[in-house]
Amino acid sequence: MPVSTLTDPTLKDAHYLVDTGFEHGEMLTIVGKCEVDYDGRASSHLAPGERLVILKPDGTLLVHRNKQRKPVNWQPPGSTHSARLDDNRLIVESVRSSPHEELEITFQTVVQVSRLEVDDVSDLELEGSEEDLRQRILADPDILETGFNAMATERETSAGPIDIYGQDADGTPIAVELKRRRVGPDAVSQLNRYVEALERNRPSKSVRGILVAPSVTERAKQLLTSEGLEFVSLTPEQEDISQPIGFSEDADK
């Protein structure tokens, strides 16, 4: 991983390094005092403060403060980065074409700037995920219940895709909803919508619904009973630490 780093550079030197990094398709990190303006589906202004900016060759841009894991501002992959000097300021701009969004970062000072030639082509292998639960059930259907026959995954319905669709030993259709963490009433309501969607297409035959998760809240347990749905406790092999920024699966208390 070749690295070129400048500490306490002039803005002119920082601009040259950033521009060179863009030309070579490298990852860039910039630490300094800056303000951030966003214009697109909304608009915002972040007053001057010391922040870390990460610019990736796929067009991703992240602005991090000295707390919390989420960036305070960001641009998605596919954005176009550029940099310029303007009146003793280093301005980094990122533009997304569709929908049109612009992020402008104005640096008053730069403490450190780095060019990183990062080589990473490995795919992320998830463990402890809903996919782990799915594969375990497909490999050994009896862990759901004796005689269960898995017939399809991501079975489409008017309410959305069912994680696993199958039949019990008596031939009764079953919709299986998988969750990797403790869940609340929302997960039960989601499963109920799948069951109702299947029953609308098979009015002469009842459909069972089974929620699979490590555990459920008390409210979820009550809703399962009232809706005539079932619960099977199953925990992924390993906790999934790959949760993307901004995504939350906190259960309804």
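Observations
- For His45 and Val3, the FRET efficiency from 1/(1 + (r/R0)^6), where r spans their Cβ atoms and R0 equals 35 Å, is about 0.60.
- Projected label distance in nm at Arg200 and Arg182, using a 7 Å step from Cα toward the beta-carbon: 3.4 nm
- Annotation: for a label point projected 7 angstrom from Cα along Cα→Cβ of His24, residues of region 97-114 with backbone N closer than 18 Å are 112-114.
- Sorted by Cβ density within 10 Å, fewest first, the residues Asp142, Asp168: Asp142, Asp168
- Size of charge dipole - region 3-116 - debye, nearest 20, with Cβ of Lys, Arg +1 and Asp, Glu -1, no other charges: 520 debye
- Two-decimal Rg/Rh across region 3-116, once Rg and the Kirkwood Rh are taken from alpha-carbon atoms: 0.93
- For region 36-89 versus region 184-217, the gap between their alpha-carbon centres in whole angstrom: 42 Å
- Within the same chain, lysines fewer than 8 places from Lys179 are excluded, and of the rest, those with a Cα less than 22 Å from its Cα are Lys221, Lys253.
- Once the chain from Asp37 to Val118 is taken as fully extended at 0.36 nm per residue, the excess over their C-alpha distance is 26.3 nm.
- For the chain, the Kirkwood estimate of the hydrodynamic radius, built from every pair of different alpha carbons, is 21.8 Å.
- Nonlocal amide H pairs with Gly209, under 5 Å, H built at 1.01 Å: Ala175, Glu230
- For region 45-172, diffusion coefficient by Stokes-Einstein and Kirkwood Rh (Cα), 4 °C, 1.567 mPa s, µm²/s: 67 µm²/s
- Among Ser114, Ser98, Ser206: highest mean-square fluctuation, GNM of the chain, C-alpha pairs under 10 Å: Ser98
Every number in this text was worked out from the coordinates using simple rules, so none of it is lab data. What you see is a predicted model, and the numbers here were worked out from it, not measured in a lab. When we count neighbours, we look across all protein chains shown, and the Cβ atoms used for this are built from the backbone with ideal geometry, even at glycine.
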